[in-house]
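**Q** Just passing along the structure, written as structure tokens.
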Amino acid sequence: MMTQYRFSDIEKKWQKIWAESNLHKVEENHEKPKYYVLDMFPYPSGAGLHVGHPLGYIASDIVSRYKRLNGFNVLHPMGYDAFGLPAEQYAIQTGQHPEQTTAANIQTFRRQLDLMGFSFDWSRELRTCDPDYYRWTQWIFGQFFQHWYDKKEQKARHIREIENHFSKYGSQGIEAACTESINFTAAEWNVLDAKMKADLLNNYRLAFIDFTTVNWCQELGCVLANEEVVNHPEKGPVSERGNYPVVRKKMKQWSLRITAYADRLLSGLNQLDWSDSIKEIQRNWIGRSEGAEIQFGLESNGHELPPVSVFTTRPDTIFGATFLVLAPEYEGLQALCSETQTEAVLAYANAAKNRSEIDRMADTRKTGVFTGNHAIHPFTKKPIPVWVSDYVLAGYGTGAIMAVPAHDERDFDFAKAFDLEIIPVIKPQDASLELPLTAAFSAKDGICFNSDFLNDLSVKEAISKAIAQLETQRLGKRRVNYKLREAGFGRQRYWGEPFPIIFDDAGIPQMVETLPVLLPLVESYKPTGTGESPLAGVAEWVQTPAGRRETDTMPGWAGSSWYFFRYMDPQNGQAFAGQEALNYWKQVDLYVGGSEHATGHLLYSRFWTKFLFDLGFVGVEEPFKKLVNQGMIMGEDGQKMSKRWGNVVNPDDVCAQYGADTLRMYEMFLGPLTDSKPWNTNGIEGVSRFLNKFWRLFFNGETFELSGEAPTPEELKILHKTIKKIKSDIEQMSFNTAVSAFMVATNELGALKCKKRAILEPLIILISPFAPHIAEELWQYAGHSGSIHLAAWPAHDEQFLTESSFEYPISINGKTRTSITFNLDADPAVIESAVMADEIVQRWMDGKPLKKFILVKGRIINVVV
RNA sequence: GCCCGGGUGGCGGAAUAGGUAGACGCGCAGGACUUAAAAUCCUGUUGUCAGCAAUGGCAGUACGGGUUCGAUUCCCGUCCCGGGCACCA
């Protein structure tokens with residue numbers, strides 16, 4: 001009977017000892033360099049964990065343990081993102097308070113996480129739904145509310161400073177991030193009443209009340225996200241759940257002015273050690289484009305009409321602009337229509353308003369209505385018609401475009417649909433355009449023609465020149481535009497952070513000073529049907545002596561946008577984290593989590609960090625220095641692991657059958673961390689076999705055996721190449737090849753029957769980050785009283801790896817034919833003559849003369865004939 | 001449509017400052033130990049052709065070209081898969 005290693009006893013034993021001795025508790029320690037390893041904290045769903053969830057946790061745990069062995073003071077915390085919709089929906093169905101279900105779910109999660117032997121410092125655990133936590137989420141919101149963004153200084157400043165400025169100088173000299181730019185004098189400001197001042201300041205606050213268009217479902221009594229709305233063939237837009245009609249409705253909504261930070265969010269990406277794909281996703285989401293804003297005066301037919309500003313990235317095509325198009329939601333649209341066309345335009349705008357986003361997206365046929373009026377081309381002074389069409393979006397640029405049908409596909413389609421003029425002004429560099437155009441020529445490497453002062457310039461030159469000309473003639477200016485929209489921050493839900501806001505009798509929002517504002521108990525979690533959150537029904541909470549409370553709650557991402565700072569000092573009652581802790585831990589060195597948060601959590605966290613940086617609370621502008629996105633583990637059938645497909649593998653079962661160490665190593669062995677890959681039950685057997693083999697390296701039958709015998713060069717070479725390989729693999733997060741290196745070392749040492757302490761003991765340390773329990777047990781067997789996780793990482797010594805000779809593959813014309821061993825310091829001339837004298841080489845040369853002899857030292861020899 | 005990744009045995013995957021393609025594991029086939037099974041160990045395993053065999057030839061990293069003494073790796077074109085964005089002017 002072979003010794004079987006008893007993982008179940010061993011794992012239970014050590015997990016208990018580690019917990020009781022607080023082995024993983026960490027404090028600030030200025031003697032050691034710090035390292036902060038963070039996992040994206042989980043939402044504690046009722047389903048518990050499946051084997052896909054711990055993938056990233058295992059990787060981060062390996063790095064944490066590796067860093068500790070290398071002398072780093074490692075912060076490796078865990079907590080729960082506990083506010084959110086599923087708990088609330090469960091409450092609606094069962095009447096159970098979300099707090100109860102959340103607490104129960106957290107217990108399950110904790111039990112499952114403990115099974116896998118992670119080295120989290122649980123004394124720092126946090127939950128976003130805990131009042132001691134969310135009081136600081138509310139506090140940070142309050143800071144957003146009390147600040148505005150100064151574009152000149154590129155930072156957030158206190159709202160009092162802009163008030164002071166307004167009272168002395170009006171809006172003159174202020175360049176602020178705002179909803180709309182308004183000009184007024186100090187005198188005008190000073191005569192405003194308190195409510196009017198508050199409304200005006202709302203235009204500048206970083207947390208402000210916005211009016212946004214939402215998908216409103218009367219039947220469900222709530223607002224729906226775009227993805228919750230589907231298109232019904234007869235009824236039009238309906239809710240995904242229940243098929244109830246959905247209309248677009250303007251609603252008051254708290255928002256955060258994230259666009260103020262668009263520039264910095266974009267440029268900050270360059271310094272981050274993140275995957276290119278996720279940086280690219282954020283770049284696209286921010287969507288910076290450079291171009292010009294151009295003013296078009298309108299032909300007045302008797303009465304004066306306001307000018308229309310358009311945004312374009314192609315001012316070089318200005319001479320090809322043959323009409324303007326306004327969005328159906330264009331501000332002041334009605335005033336721009338001629339009398340005869342007003343009715344048609346308004347009918348069109350109204351129809352467009354109720355078309356769902358998806359509908360508008362899916363349908364690329366061009367529709368539109370002529371306003372009946374003309375604009376004046378800024379250079380040619382010719383009149384060009386002004387149209388309205390829903391292919392122009394109100395929310396981007398100015399909500400109006402100059403259409404250049406010859407060089408923009410959409411404008412081309414529109415011009416064809418309504419028989420509008422098409423004037424080509426850009427031609428390919430080395431050819432002329434084929435006329436008439438059958439499609440827009442939108443290449444950006446052409447040459448201008450038909451374009452007055454831009455003729456013969458390249459597109460790039462023409463863009464600069466056109467802007468310069470527009471600026472000198474005061475017809476327009478350079479402008480940078482972003483796709484990024486303000487971040488809607490209010491939810492008509494119960495299970496979230498209440499806003500620390502009370503509207504006083506004048507309707508002015510006032511910051512609540514005493515935090516936290518506790519989430520009150522409600523009787524029903526159901527939507528009220530009025531568009532308000534269930535909190536609106538708690539009269540005694542809503543009505544306060546100071547006024548009426550805001551009844552919306554914050555979105556799921558509020559609590560997760562700053563939790564990484566709270567871990568640094570989780571019990572602090574005076575601040576979201578103390579200065580000392582913030583200065584010591586600074587930022588997350590390694591962040592591991594899924595890529596699905598690219599445009600949500602990861603962007604918002606960067607935004608909040610930059611804001612807290614501006615206020616001087618934190619010393620870093622970026623929260624996550626290095627980010628690694630682990631892939632998904634699919635079911636054995638290749639589909640996403642889900643109850644629905646019946647392919648879920650539970651880590652509890654795997655731990656019971658094979659042990660946590662096997663599960664950990666197997667998940668790492670599956671393939672590169674960042675790839676998605678299927679689970680394979682057979683594969684885990686191989687890793688289980690390996691760990692047993694590893695265990696047996698140390699045993700002779702039933703007895704543990706380590707000898708003090710001096711190791712041979714061959715054994716030393718195996719050890720040192722393994723140390724080197726594991727170190728570099730962990731640092732590159734190539735865990736699958738690290739596991740394979742352990743297998744190779746075990747196979748080789750097993751074959752040599754090596755039982756020497758000098759070789760095997762360092763090997764236990766190497767494997768301890770991967771398989772912490774078995775390593776701890778073997779370490780104890782080896783006679784150590786302290787934990788292996790407090791040991792030091794062995795250093796590899798190159799001298800054991802250097803070879804004196806090398807077996808050179810010999811290729812003739814690039815095809816390997818034989819191999820000959822030479823000393824590495826042998827004279828190339830000697831090698832050449834030896835190779836040329838070789839029988840096999842001679843045979844393949846077949847009497848042809850030698851053309852070239854290539855020797856790459858320690859690599860290859862190639863004979864060219 | 002645009003922007004990122006990526007295509008290597010029966011399977012998961014190794015190997016890229018260009019240098020012996022297929023490490024490691026799974027699966028499969030054969031063998032040892034055993035009354036038997038489990039466990040463990042050993043051998044083989046890209047395809048194909050020749051040979052009783054040891055062995056050897058040819059082809060081969062999605063496809064077609066190119067650069068090079070030499071290409072899975074670099075360049076150009078095509079196809080396919082995954083992800084992101086999408087009437088963003």
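**Q** Quick one: of A:382/A:416; A:152/A:610; A:477/A:610; A:34/A:727; A:195/A:252, which pairs are farther than 23 Å apart, Cα to Cα?
**A** From the list (A:382/A:416; A:152/A:610; A:477/A:610; A:34/A:727; A:195/A:252), the Cα-Cα distance tops 23 Å for A:477/A:610.
**Q** Continuing with the same structure: Starting from the 7 Å offset along Cα-to-Cβ, what nm value, one decimal, do you get for the label separation of residue A:506 and residue A:263?
**A** 3.4
**Q** So, one more: Using only alpha carbons, build the gyration tensor for region A:277-409 and give me the equivalent ellipsoid semi-axes, biggest first, whole Å.
**A** The equivalent ellipsoid of region A:277-409 has semi-axes of 26, 20, 12 Å.
**Q** Within region A:471-494, name every residue whose backbone N is under 11 Å away from a label modeled 7 Å from Cα of residue A:181 along the Cβ vector.
**A** A:477-480
**Q** Moving on to the next point. How about region A:436-470: which trypsin sites (Lys or Arg not before Pro) there are in a DSSP loop, with at most 15 other Cβ atoms within 10 Å of their Cβ?
**A** A:444
**Q** Starting from 0.36 nm per residue, how many nanometres of slack lie between residue A:444 and residue A:303 once their C-alpha separation is accounted for?
**A** 46.7 nm
**Q** I want to make sure I understand the PRE zone here: with the label point 7 angstrom from the Cα of residue A:270 toward its beta carbon, which residues in region A:142-166 have backbone N atoms less than 20 Å away?
**A** A:152-155
**Q** With the contact rule set at Cα under 8 Å and sequence spacing of 6 or more, what percent relative contact order holds for chain A?
**A** Relative contact order of chain A: 14 percent.
**Q** Do any trypsin sites (Lys or Arg not before Pro) in region A:331-440 lie in a loop, going by DSSP, with at most 14 other beta-carbon atoms within 10 Å of their beta carbon, and if so which?
**A** Taking region A:331-440 and a limit of 14 other Cβ atoms within 10 Å, the loop trypsin sites (Lys or Arg not before Pro) found are A:365, A:381.
**Q** Right, another one. Which aspartates and glutamates, if any, have their Cα less than 12 Å from the Cα of residue A:717, not counting same-chain residues under 8 positions apart?
**A** A:748, A:797, A:798, A:803
**Q** Pairs of Cα atoms under 8 Å, at least six residues apart: use those to get the relative contact order of region A:692-758, whole percent.
**A** Rounded, it is 53 percent for region A:692-758.
**Q** Nearest 0.05, what FRET efficiency do residue A:284 and residue A:480 give at R0 = 22 Å with Cβ-Cβ as r?
**A** After rounding, the FRET efficiency stands at 0.90.
**Q** Here's something else I'd like to know. For Cα pairs less than 8 Å apart in space and 6+ apart in sequence, what is the mean separation divided by the residue count of region A:433-551, i.e. the relative contact order in percent?
**A** 18 percent.
**Q** In whole Å, what are the Cα extents of region A:560-711 along the three principal axes, biggest one first?
**A** Rounded to whole Å, the extents work out to 65, 52, 29 Å.
**Q** So what are the radius of gyration and Dmax for the Cα set of region A:103-190, in Å?
**A** Final numbers for Rg and Dmax: 22.8, 69 Å.
**Q** So if we plug the beta-carbon distance of residue A:21 and residue A:195 into 1/(1 + (r/R0)^6) with R0 = 41 Å, what FRET efficiency do we get, rounded to 0.05?
**A** Using R0 = 41 Å, I get an efficiency of 0.10.
**Q** In nm, what is the difference between 0.36 nm times the number of residues separating residue A:712 and residue A:433 and their Cα-Cα distance?
**A** 92.7 nm
**Q** Which helices of chain A meet both criteria: a Cα extent of 18 Å or more along the helical axis and a mean Kyte-Doolittle score no lower than -0.5, with helices taken as whole DSSP H segments?
**A** Span-like helices here: A:54-69, A:339-353, A:459-472, A:601-614, A:735-752.
**Q** Provide, as a two-decimal number, the C-alpha radius of gyration of region A:745-801 over 2.2 N^0.38 Å, N being how many residues it has.
**A** Here the Cα radius of gyration is 1.16 times the empirical estimate.
**Q** Still on this model: Considering all alpha-carbon pairs of region A:712-840, what whole percent are spaced by more than 17 angstrom?
**A** Summing the P(r) tail past 17 Å for region A:712-840 gives 67 percent.
**Q** While we're here: Based on the Kirkwood radius over alpha-carbon pairs, what value in µm²/s does the Stokes-Einstein equation return for the translational diffusion coefficient of chain A at 4 °C and 1.567 mPa s?
**A** It comes out at roughly 40 µm²/s.
**Q** For region A:349-483, what mean projected area does the convex hull of the alpha carbons give, in nm²?
**A** 9.4
**Q** Suppose R0 equals 22 Å. What FRET efficiency, 1/(1 + (r/R0)^6) with r the Cβ-Cβ distance, do residue A:834 and residue A:803 give to the nearest 0.05?
**A** The value I calculate is 0.75.
**Q** Right, something else. List the aspartates and glutamates whose alpha-carbon lies under 20 Å from that of residue A:381, not counting same-chain residues fewer than 8 positions away?
**A** Here the aspartates and glutamates satisfying the reach criterion relative to residue A:381 are A:293, A:299, A:304, A:316, A:421, A:452, A:471.
**Q** Any idea what % of Cα-Cα pairs in region A:277-338 are farther than 20 Å?
**A** 47
**Q** Right, here's the next one. Once you sort the root eigenvalues of the Cα gyration tensor of region A:165-319 as a ≥ b ≥ c, which label holds: rounded (a/c under 1.5), prolate (a/b larger than b/c) or oblate (the other case)?
**A** The shape class here is rounded.
**Q** Now, a different point. How large is log10 of I(q)/I(0) for region A:52-158 at q = 0.13, 0.21 Å⁻¹ when the intensity is taken from the Debye formula with one equal scatterer per alpha-carbon?
**A** Ignoring solvent entirely, the Cα scatterers give -0.74, -1.09.
**Q** Which stretch or stretches of region A:277-310 have amide N atoms under 14 Å from the point lying 7 Å from residue A:344's Cα along the Cα→Cβ direction?
**A** Correct set: none at all.
**Q** Where does chain A land at 222 nm, in deg cm²/dmol rounded to the nearest 500, when only DSSP H runs of n ≥ 4 count, each adding -39500 (n - 2.57), divided by all residues?
**A** -10500 deg cm²/dmol
**Q** Given a cut-off of 17 Å, what percent of all Cα-Cα pairs of region A:1-107 lie beyond it?
**A** Result for the distance tail: 69 percent.
**Q** Quick check on my link table: of A:25/A:755; A:725/A:815; A:16/A:753; A:643/A:677; A:279/A:366, which ones sit more than 28 Å apart, alpha carbon to alpha carbon?
**A** A:25/A:755; A:725/A:815; A:16/A:753; A:279/A:366
**Q** Taking amide H atoms as placed 1.01 Å from N in the peptide plane, list the residues 5 or more away in sequence, or in a different chain, whose amide H sits under 5 Å from that of residue A:398.
**A** Correct list: A:311.
**Q** Using the per-residue mean of other Cβ atoms lying within 10 Å as a proxy for protection, in what order, highest first, do the peptides A:478-485, A:761-768, A:393-400 fall?
**A** Sorting A:478-485, A:761-768, A:393-400 by mean packing, highest first, produces A:761-768, A:393-400, A:478-485.
Quick note: the coordinates plus some simple rules give every number you see, no bench work behind them. These numbers were taken from a predicted model, which means no experiment stands behind them. Here the Cβ is made from the backbone with ideal geometry for all residues, glycine too, and neighbour counts use every protein chain on show.
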